[in-house]
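Shown next, in structure tokens, is the structure this report addresses.
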Amino acid sequence: MSLFVRLVAVILGALYGRKLGPMEESRLAMRVWLTDLDPNLHMNNGRYLTVMDLGRFDLMIRIGLARTAMKKRWMPVVAAAQIRYRRSLAPFERYTLTTKLLSWDGKWFYLEQQFVRRDGSVAALAWVKVAIRKPGGTVDADELQQAMGLALVPLPLAPNVARWIELTNEPSKIANAA
């Protein structure tokens, strides 16, 4: 199934489906199609990242952020992603993509996304660091909450997620090597 068809299906499902609270989990029932496969006949590692975009779209629409973002010309951008592949997804295998907001700080929002097989095992687990861009800068968490009429307190992060966030905030050594 083409990604465009999947995107349309996700958008329509989110618009007409159950709305979520900002801390609730989005769940998308998916299937591995032939266009998702690599030469090893399992889901391509890059396809996981692409499918994760669909999960983030679903969450944004269901929590009401997409409508606010469109009005204000805000755009979500991924700054970092860490994914661990644990088990292969085979052709035509069904799985559920879960997406949830873990926490946030001044300008970053941290999400967790999982590819869960029908037997409950996790095929892949990812953490994603996202910013919301606006014309001329970045939307901070307070501005976003005010625009959406929310008053939430960031949740504490698991130590392994907090360490990953620290690593994503370190300056790049590549720029200094030249």
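Every read-out reported here was derived from the displayed coordinates using simple, explicitly stated rules and does not represent laboratory data. It should be emphasised that the depicted structure is a prediction, and the values quoted were computed from it without experimental measurement. Glycine also receives a Cβ, built like all others from the backbone with ideal geometry; neighbour counts cover every protein chain displayed.
What the Cβ-Cβ distance of Met70 and Leu49 gives, at R0 = 25 Å and to the nearest 0.05, is a FRET efficiency of 0.55. Here Glu170 and Thr96 are evaluated by their C-beta separation; at R0 = 45 Å the FRET efficiency comes out at 0.85.
Karplus-based coupling profile of region 44-51, in residue order and whole Hz: 5, 4, x, 5, 4, 5, 5, 5, with θ = phi - 60° in 6.51 cos²θ - 1.76 cosθ + 1.60 and x standing for Gly or Pro. Within the straight-line cut-off of under 26 Å between alpha carbons, the lysines reachable from Lys19 are Lys71, Lys72, Lys100, Lys107, Lys129, Lys134, sequence neighbours fewer than 8 places apart in one chain being disregarded.
Listed options for Cα extents along the principal axes in Å are (1) 112, 34, 23; (2) 51, 38, 24; (3) 49, 43, 29. The value calculated from this structure is the one marked (3). Each Lys and Arg adds +1 at its Cβ and each Asp and Glu adds -1 at its Cβ; summed about the Cα centre, the chain shows a dipole of about 400 debye.
For Val122, Val51, Val153, what's the fewest-to-most ordering of other Cβ within 10 Å of each Cβ?
Neighbour counts put them in this order, fewest first: Val153, Val122, Val51.
This model, with +1 at the C-beta of Lys and Arg and -1 at the C-beta of Asp and Glu, gives region 90-178 a dipole about its Cα centre of some 260 debye.
Compared with the alpha-carbon gap, the fully stretched path from Ile11 to Val122 is longer by 37.5 nm at 0.36 nm per residue. Taking other C-beta atoms within 10 Å as the exposure proxy, Ile132, Ile165 rank Ile165, Ile132 from fewest upward. Fewest-first ordering of Phe109, Phe57 by other beta carbons within 10 Å of each residue's beta carbon gives Phe57, Phe109.
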